[in-house]
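To start, the structure under review is shown below, and the notes come after it.
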Amino acid sequence: MRHLALAIVVSTLLASAAFARLVPARTYEELLQESDLIVIVHARSTNAPNADDTVVPLEYLSVAMGEPDTVAPLDPTELARFTAVITDFDVLGVVKGKLDAKRLKICHYRYKHGAEELGNGPSFVSFPTERYTEVSGDRRRGGIANDFMLFLKYDSHRRLTFVTGQYDPEYSVKQISSPLPNID
């Protein structure tokens, strides 16, 4: 009986590991190297795209151990769960690359309202556009900033996109916040 229980546990663990998706997480060194543009930005607003906005198609960056990343098409039923949004940023500084504009619009994706989230699915990102306050017990900490460092690259059509792709932008975005106050 113990052997059967052990066999079930081991097979369950192996099966779940076999279906795990490799994600294009990068070290800071890799992000710096692969970026065409690195900017520090302040999120202003996020809206549906309008006719003037550049919408970057949602593609999956396929990652294989020891192989270069490749772009893979997504299943149309999977694509139907997502919608493009455009976030408008104030550019606070340029770390790498050249950008003369003081504003920047970036296309990214989110799940449609009411869509079922995929297990092992995308690592989308959202950008809060208002400072919010964290309350811990009876202490109120200062507002958590909506400033970010974005690691971006140009695609083959010269559109800015995330180094880790539109499917997993979370790994190309770093939130910048003030250090926590000394509350001892």
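The values are calculated or read from the model by the stated rules, or taken from the named source; none is laboratory data. Computed from a predicted structure; not experimentally measured. Note: ideal-geometry Cβ built from the backbone for every residue, glycine included; neighbour counts use all protein chains shown.
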*Based on what the data block shows, is ALA101 modelled with pLDDT of 90 or more, among the small types (Gly, Ala, Ser) and surrounded by 15 or more Cβ atoms within 10 Å (Cβ to Cβ)?*
no
*Scanning the stretch 102-121 for residues that are hydrophobic (A, V, I, L, M, F, W, C) and outside any strand (DSSP E or B), which turns out farthest from THR164 (Cα to Cα)?*
ALA115
_Criterion violated by ILE183 - all others in (1) at pLDDT below 80; (2) of a type in the set (A, V, I, L, M); (3) assigned to a strand (DSSP E or B) satisfied_ = (3)
*Name the pairs: first residue in the stretch 84-96 and over 15 Å from ALA48 (Cα atoms), second residue of a type in the set (D, E, K, R), Cβ to Cβ under 8 Å, at least 6 apart or on different chains?*
ASP90/ARG44; ASP90/LYS102; ASP90/ARG103; VAL91/LYS102; VAL91/ARG103; LEU92/ASP147; LYS96/ASP36
*Looking at (1) at pLDDT 80 or above; (2) assigned to a loop (DSSP other than H, G, I, E, B); (3) more than 12 Å from the chain's Cα centre (by Cα), can you tell me which one PHE124 breaks?*
(3)
